Every structure is written in structure tokens, then in C-alpha cells.
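Shown next, in C-alpha cells, is the structure this report addresses.
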Amino acid sequence: MKNLTAFVLAGVSAYAFSFALDLLFGALLGVYPSTAFLPVVTWSIIAAIAGVIALRLAPTGRFLVVPCLVFAGMAFLGGVVGHRHSLFVGVGMLAQATGLWLATRTVRV
């Protein structure tokens, strides 16, 4: 049950982080109005809290990177067929996936 909850929270974190990145890059590159970046902090905080809780529930759960990779893939696809700023969102999501991958590695002593 803890792993399922951690997976759902990782999905919430990935969604919130992708939304924050989309708003940030969209506002910076002129796709959205200049005030679109205002909720970026709120969505980033939601992503951070959900991610930390997911890591606490499953500290060695490498499966937590799956939602990040799914959202990265959707962002890259959106960048290819739609707005180019989504490519930056995909790169940011890959960075989040890499961070989760490194955070869930087991350390051998």
C-alpha cells in the first residue's frame, strides 16, 4: 500500500512540476501572457511536497521515476507537434526523473 501511495504521489509531483515548467517557459518565451508565471511557485511547492513524501514512503523505489518519464515523453511529443517551449519542459522533467533515480539508489558500503 505504501508503494502505491508513493507512486500516486510521484505522479502528482510530476504533474505539478510539469505544469510549473510549462507556465514558466511559456511566459518567458511569450506563448502565454506575462502574468502566467505567477502560479509557478505554488505548483513547484506542491511538486516538492508530493515528491518528498513519495521518497519517504518508498526510499528505494526506482519505480517513482515512471511518472516523470511519462510526462517528459508527453512534453517532448507536444514540443514536436505543438509549442516548442514544451521541449524545455521535457528536459526539466528528465532532470526531475534523474534526481529521483539518484535519490532512490541503494548505497553499498
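If you go through region 51-69 one residue at a time, do you hit one that is under 16 Å from His83 (Cβ atoms) and touching a residue at least 12 places away in the same chain (Cβ under 8 Å)? Spell out the reasoning first.
At the first step, the residues of region 51-69 found to be under 16 Å from His83 (Cβ atoms) are none.
No, every residue in region 51-69 fails to be under 16 Å from His83 (Cβ atoms) and touching a residue at least 12 places away in the same chain (Cβ under 8 Å).
Kindly indicate the residue of region 38-48 that is part of a helix (DSSP H, G or I) and open to solvent by 30 Å² or more (accessible area, probe 1.4 Å) and also nearest to Leu100 (Cα to Cα) among those meeting that condition. It would help to see each step written out before you state the result.
First, pick out the residues of region 38-48 that are part of a helix (DSSP H, G or I): 40-48.
Keeping just the survivors that are open to solvent by 30 Å² or more (accessible area, probe 1.4 Å) gives 41-46, 48.
Details: Val41: 20, Thr42: 21, Trp43: 18, Ser44: 15, Ile45: 16, Ile46: 16, Ala48: 12 Å.
Per the criteria, the residue is Ala48.
Within region 75-96, restricting attention to residues that are free of Cβ contacts under 8 Å to residues at least 40 places away in the same chain and within 23 Å of Val52 (Cα to Cα), which residue is least open to solvent (accessible area, probe 1.4 Å)?
Gly90
Restricting to region 4-32, give me the number of residues that are out of contact with any His (no Cβ under 7 Å at 6 or more places or on another chain), open to solvent by less than 90 Å² (accessible area, probe 1.4 Å) and either more than 17 Å from Gly99 (Cβ to Cβ) or not in a helix (DSSP H, G or I) (or both).
Initial filter on region 4-32 (out of contact with any His (no Cβ under 7 Å at 6 or more places or on another chain)): 4-24, 27-28, 30, 32.
Still in the list and also open to solvent by less than 90 Å² (accessible area, probe 1.4 Å): 5-14, 16-24, 27, 30, 32.
Next, from what is left, pick out any that are either more than 17 Å from Gly99 (Cβ to Cβ) or not in a helix (DSSP H, G or I) (or both): 5, 8, 19, 22-24, 27, 30, 32.
Number of matching residues: 9.
Conditions tested, residue by residue: (1) in a loop (DSSP other than H, G, I, E, B); (2) open to solvent by 70 Å² or more (accessible area, probe 1.4 Å); (3) closer than 13 Å to Phe25 by Cβ.
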residue: Ala36; (1), (2), (3): no, no, yes
residue: Ala50; (1), (2), (3): no, no, no
residue: Ile53; (1), (2), (3): no, yes, no
residue: Val65; (1), (2), (3): no, no, no
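The values are calculated or read from the model by the stated rules, or taken from the named source; none is laboratory data. Since this is a predicted model, take the numbers as computed values, not measurements. Reconstructed Cβ throughout: ideal geometry from the backbone, glycine too, with neighbour counts over all protein chains shown. What goes into the accessible areas is simple: the full protein's heavy atoms, side chains included, and nothing from ligands, DNA or RNA. Shrake-Rupley method; radii C 1.70, N 1.55, O 1.52, S 1.80 Å.
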